[in-house]
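The values are calculated or read from the model by the stated rules, or taken from the named source; none is laboratory data. Quick caveat, the model's predicted, so the values are computed rather than measured. Here the Cβ positions follow ideal geometry from the backbone for every residue, glycine too, while neighbour counts run over all protein chains shown.
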């Protein structure tokens, strides 16, 4: 019988391989996500946060028996993400109540020599201290990851500055990490005077140290943070979020909004709704691939097809400019999701991919997905 601890160890080993594989895919020279380098630059920092979260959660599973994997998503439960966030906030106070590492190690040796028994209680304190020291210094993928501006430029057609903003959320009902990326034009006169030269270029005399925490325009930054936190649920369609953003801010104009939904994740260690998949992956286990896994994700996009011009009255702005967003109605799935386009991707070790094909199970998994396989340090896309 497999123990809970060994099951968790198997899970984290598989997840570590999956996150490393995703990181490799994002940085590979021929990767489809590096066509303009923008998508890779948007996603990569959040993948790093997820990796830090999994390292800390693995450590936490050694000091607590409360760790749970969501049966539908294959990711840690939302409660575990909240617990990690709470632990990071209380780590300093809790560490002050535990002896330092050297003192604990000395107590452990003394206990063994004097009592000729294993110091279980001291070992537990060592594990807890080690975990709290990790969460104290880590940057994790929490329930909300506040917006940051990663790029700034100027639309040469209308002279407006625009910026690319990203933020993240760990969706509670689905237990899925999600990353948002928005291209936003700013029509406020103050920012235009500050950032745009008379010939319509980005002002070189206003250096911007990117990334910037929050929205670049600090006049709207605090409200934008609140908007991002309250309008990020997976249950909301992308066009609903884009329209809400457009209507909330008179001088911010979302021209493109993307959502990257990471997951579900499948491995032999994940039981429940994906147990059938886990059983098939178990059959592909081999010395070359001891922990078979598959990681899926979906990218959704909605873009503005037209901007209804603003109207000004005697006392200023009467009717703000508003965007109209394109929904690809020729696609039933696009219309259902409320998007202009979407893509589904799957990443897995090449050995697992080959074994599934050999077992005639490939069609069940890969239909409708762009498939990426990993072999050593090589990623092959579109197999």
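Output the number of residues of segment 184-203 satisfying the condition of being in a strand (DSSP E or B), under 32 Å from the mean Cα position of the chain (by Cα) and crowded, with 16+ Cβ neighbours inside 10 Å.
Matching residues across segment 184-203 total 3.
Out of all the residues in segment 243-275, which are surrounded by 22 or more Cβ atoms within 10 Å (Cβ to Cβ), within 19 Å of the chain's Cα centre (by Cα) and farther than 30 Å from residue 357 by Cβ?
Answer for segment 243-275, where residues must be surrounded by 22 or more Cβ atoms within 10 Å (Cβ to Cβ), within 19 Å of the chain's Cα centre (by Cα) and farther than 30 Å from residue 357 by Cβ: 257, 258, 259.
Being in contact with a helix residue (DSSP H, G or I) (Cβ under 9 Å, 6 or more places away or on another chain) and in contact (Cβ under 8 Å) with a residue 40 or more places away in the chain narrows it down to one of 68, 55, so name that one.
Being in contact with a helix residue (DSSP H, G or I) (Cβ under 9 Å, 6 or more places away or on another chain) and in contact (Cβ under 8 Å) with a residue 40 or more places away in the chain holds for just one of 68, 55, which is 55.
Per-residue answers, yes or no, for (1) free of Cβ contacts under 8 Å to residues at least 24 places away in the same chain; (2) under 30 Å from residue 169 (Cα atoms); (3) under 33 Å from the mean Cα position of the chain (by Cα):
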site: 93; (1), (2), (3): yes, yes, yes
site: 105; (1), (2), (3): yes, no, no
site: 109; (1), (2), (3): yes, no, no
site: 127; (1), (2), (3): no, yes, yes
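Just give me the residues in segment 107-129 being on the phi < 0 side of the Ramachandran plot and exposed (fewer than 15 other Cβ atoms within 10 Å of the Cβ), in sequence order.
Once the filter is applied, which keeps residues that are on the phi < 0 side of the Ramachandran plot and exposed (fewer than 15 other Cβ atoms within 10 Å of the Cβ), segment 107-129 yields 109, 110, 112, 113, 114, 115, 117, 118, 120, 121, 123, 124.
Tell me, please, whether a residue that is closer than 18 Å to residue 304 by Cβ, modelled with pLDDT of 95 or more, over 21 Å from the mean Cα position of the chain (by Cα) and part of a strand (DSSP E or B) can be found in segment 163-172.
Checking segment 163-172: not a single residue is closer than 18 Å to residue 304 by Cβ, modelled with pLDDT of 95 or more, over 21 Å from the mean Cα position of the chain (by Cα) and part of a strand (DSSP E or B).
If we scan segment 302-319, do we find a residue that is in contact with a helix residue (DSSP H, G or I) (Cβ under 7 Å, 6 or more places away or on another chain), in a loop (DSSP other than H, G, I, E, B) and either surrounded by fewer than 18 Cβ atoms within 10 Å (Cβ to Cβ) or at pLDDT 85 or above (or both)?
no
Kindly indicate whether residue 278 is closer than 22 Å to residue 76 by Cβ, free of Cβ contacts under 8 Å to residues at least 40 places away in the same chain and surrounded by 14 or more Cβ atoms within 10 Å (Cβ to Cβ).
yes
Can you say whether residue 150 is surrounded by fewer than 19 Cβ atoms within 10 Å (Cβ to Cβ), at pLDDT 95 or above, in contact with a strand residue (DSSP E or B) (Cβ under 9 Å, 6 or more places away or on another chain) and over 25 Å from residue 63 (Cα atoms), as far as the supplied structure shows?
Against the criterion (surrounded by fewer than 19 Cβ atoms within 10 Å (Cβ to Cβ), at pLDDT 95 or above, in contact with a strand residue (DSSP E or B) (Cβ under 9 Å, 6 or more places away or on another chain) and over 25 Å from residue 63 (Cα atoms)), residue 150 qualifies.
Name the one entry in 158, 86 that is at pLDDT 85 or above, surrounded by fewer than 18 Cβ atoms within 10 Å (Cβ to Cβ) and over 32 Å from the mean Cα position of the chain (by Cα).
On inspection, the qualifying residue turns out to be 158.
Looking at segment 4-25, which of the residues that are touching a helix residue (DSSP H, G or I) at 6+ places or on another chain (Cβ under 9 Å) and modelled with pLDDT under 90 is surrounded by the most Cβ atoms within 10 Å (Cβ to Cβ)?
8
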